[in-house]
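Asker: Here it is: the structure, laid out below.
The values are calculated or read from the model by the stated rules, or taken from the named source; none is laboratory data. This structure is a prediction, so every number in the text was calculated from the model and none was measured. When we count neighbours, we look across all protein chains shown, and the Cβ atoms used for this are built from the backbone with ideal geometry, even at glycine. In case anyone asks, the SASA skips ligands and DNA or RNA and just uses the protein heavy atoms, side chains included. Shrake-Rupley method; radii C 1.70, N 1.55, O 1.52, S 1.80 Å.
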Amino acid sequence: MLLVAAALLTASMHSLGVVETPNVPPTPPPTAVVAVAPVAPVTADDAATAHGRRMLDDLVALAPADLRHAQDDARLVATVQDDPPSAVDVIRWWAGLGDGARQYVEQTAPAVVGNLEGVPYAVRDRANRTTLDRALAAADGDDGSATVRMLGKVRESLVQQPGDPQRFLVTLDTRGPGRAAIAIGDLDTATDVTLVVPGMFFTVSGQMVDFTATANDLAAEQASLVPLAVHGDRSGVAVVAWMGYRTPDLSNILSLQLAETGAGRLERAVDGLRHVRDGDQPRLNLVAHSYGSTTAMMALTSGRMSADTLTVLGSPGSDVRSASDLAVPHGQVFVGSAHSDPIAGSGYFGTDPGEASFGATVLDLRTATHGQGTTAVFRRPVGHNDYLKPGTASLHDVALIGVGRGDVVRDQAQGGSSRGDGVTVSPDVFLVRPQDLQPRD
């Protein structure tokens, strides 16, 4: 009986889990086996076909030989030039790189770094000059090629005279007829920044040298007026000769397609400046000539770009009906129409911005200004291509607008102001500098 009772008690305890079988370890649960696929290395083909932030990260991950190959790939070139990462992505990417990685990608892929909106402008200048030098060296004296001639004009445009502000090559596209943008002065620090947008028939090979010289003339005029600027103790100007889009020739002058493409490129350039200068925004002025005015007004109605002032010169019009439709503060749109300019006022592409109903300030450019007869200090511009020539009233007015003194230009356009003694004079009389009293070409 005792044996039977002991057996029953033992069986009961085991059924309740009170007693484990002695000397037998518990069986562990089965271990799950997870297959981890190896991470494939980034290839030059990956970088050439990527977009946005992924493209930027892929570039840094490439070995030097692969990175050099990638930057010459037509697919990557097209992405960087035509569909680049946003300036915000570029700024975050650049900020996250160490000094060594920045130096590596700049020196190995300068054609990429030099054209990314969001990279500091001094870095872009170095990178684009490296691309320029390497391309000309690779040509090895082949002066007959259109590309070499175009690149030679860019190099010539970068030559500055003693005492002139530093020049920065902030855009360089070596494809086809090319694109380029050269800043006179430092875009990373300048208080007043002016982008000059050219019109029809402008090419890098044909006009870049003269166009850059024009930007230099405007920068000099603005710099001389800085003491009269609205910023108080702030100073510094930069003017960009922005040939950042292809302008029309006789084969496509009737189309607005190039203006639409140019507007998108202009929007990206301004967006890059805004984000690079976050927390220290410059006054941004747009000066647009001829077909460039159509391009600029298209950009300023896109909802993706704004400017502090807009000055259009010799405009063939656009589909913008009113200055109030532009992303520009009230009263900061100015229009110049020179004597004997067949394009200004034509309204070929839509509304003429010089019409009273448009609501812009029309510059007083058709009469001798700031004096009488042969004693006029500034001569009136004549024809379609005279607006930004030294000695013209239009160059002086554009410079005043660029340093925030559009009020003076506006008063002048409205017929002057009273000095208090019954004599009406142009406010600009008080802004004449000694050099303006000397004869000019």
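Asker: May I ask you to list the residues in segment 274-297 that are open to solvent by 10 Å² or more (accessible area, probe 1.4 Å) and in a helix (DSSP H, G or I)?
Answerer: Selection gives Arg274, His275, Val276.
Asker: Is segment 360-368 home to any residue that is part of a loop (DSSP other than H, G, I, E, B), in contact with a helix residue (DSSP H, G or I) (Cβ under 7 Å, 6 or more places away or on another chain), open to solvent by 30 Å² or more (accessible area, probe 1.4 Å) and modelled with pLDDT under 95? Steps first, please.
Answerer: We begin by selecting, within segment 360-368, every residue part of a loop (DSSP other than H, G, I, E, B); these are 360, 363-368.
From what's left, in contact with a helix residue (DSSP H, G or I) (Cβ under 7 Å, 6 or more places away or on another chain): 360, 363-365.
Subset that is open to solvent by 30 Å² or more (accessible area, probe 1.4 Å): 364.
Next, only the ones that are modelled with pLDDT under 95 stay: 364.
Yes, segment 360-368 contains at least one residue that is part of a loop (DSSP other than H, G, I, E, B), in contact with a helix residue (DSSP H, G or I) (Cβ under 7 Å, 6 or more places away or on another chain), open to solvent by 30 Å² or more (accessible area, probe 1.4 Å) and modelled with pLDDT under 95.
Asker: Could you list all residues from segment 320-348 that are in contact with a strand residue (DSSP E or B) (Cβ under 7 Å, 6 or more places away or on another chain) and open to solvent by 30 Å² or more (accessible area, probe 1.4 Å)?
Answerer: Arg321, Gln332, His339, Ser340
Asker: Go through segment 97-131 and give me each residue that's under 19 Å from Val270 (Cβ atoms), charged (D, E, K, R) and out of contact with any strand residue (DSSP E or B) (no Cβ under 6 Å at 6 or more places or on another chain).
Answerer: Correct list: Glu117 only.
Per-residue answers, yes or no, for (1) among the acidic types (Asp, Glu); (2) modelled with pLDDT of 95 or more; (3) closer than 27 Å to His396 by Cα:
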residue	(1), (2), (3)
Asp217	yes, yes, yes
Leu225	no, no, yes
Ala241	no, yes, yes
Leu250	no, no, no
Glu260	yes, yes, no
Leu266	no, yes, yes
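Asker: Let me ask something additional. Exactly one of these conditions fails for Pro85: (1) touching a Phe, Trp or Tyr at 6+ places or on another chain (Cβ under 8 Å); (2) assigned to a helix (DSSP H, G or I). Give me its number.
Answerer: All conditions pass for Pro85, except number (2).
Asker: Pairs only if they're at least six apart or on different chains, beta carbon under 6 angstrom, first in segment 124-137 and on the phi < 0 side of the Ramachandran plot, second charged (D, E, K, R) and open to solvent by 20 Å² or more (accessible area, probe 1.4 Å); list them, first residue then second.
Answerer: So the pair list comes out as Ala127/Glu106.
Asker: Let me confirm something: among Val335, Val382, which residue is over 17 Å from Gln414 (Cβ atoms), at pLDDT 95 or above, over 20 Å from the mean Cα position of the chain (by Cα) and hydrophobic (A, V, I, L, M, F, W, C)?
Answerer: Numbers: Val335 fails: over 17 Å from Gln414 (Cβ atoms).
Exactly one of Val335, Val382 is over 17 Å from Gln414 (Cβ atoms), at pLDDT 95 or above, over 20 Å from the mean Cα position of the chain (by Cα) and hydrophobic (A, V, I, L, M, F, W, C), namely Val382.
Asker: Take Phe334 and tell me if it is in a loop (DSSP other than H, G, I, E, B) and in contact (Cβ under 8 Å) with a residue 60 or more places away in the chain. Steps first, answer last, please.
Answerer: Values: in a loop (DSSP other than H, G, I, E, B): no; in contact (Cβ under 8 Å) with a residue 60 or more places away in the chain: yes.
For Phe334, the condition - in a loop (DSSP other than H, G, I, E, B) and in contact (Cβ under 8 Å) with a residue 60 or more places away in the chain - is not met.
Asker: Could you run through segment 82-138 and say how many residues are surrounded by 17 or more Cβ atoms within 10 Å (Cβ to Cβ) and out of contact with any helix residue (DSSP H, G or I) (no Cβ under 9 Å at 6 or more places or on another chain)?
Answerer: 1
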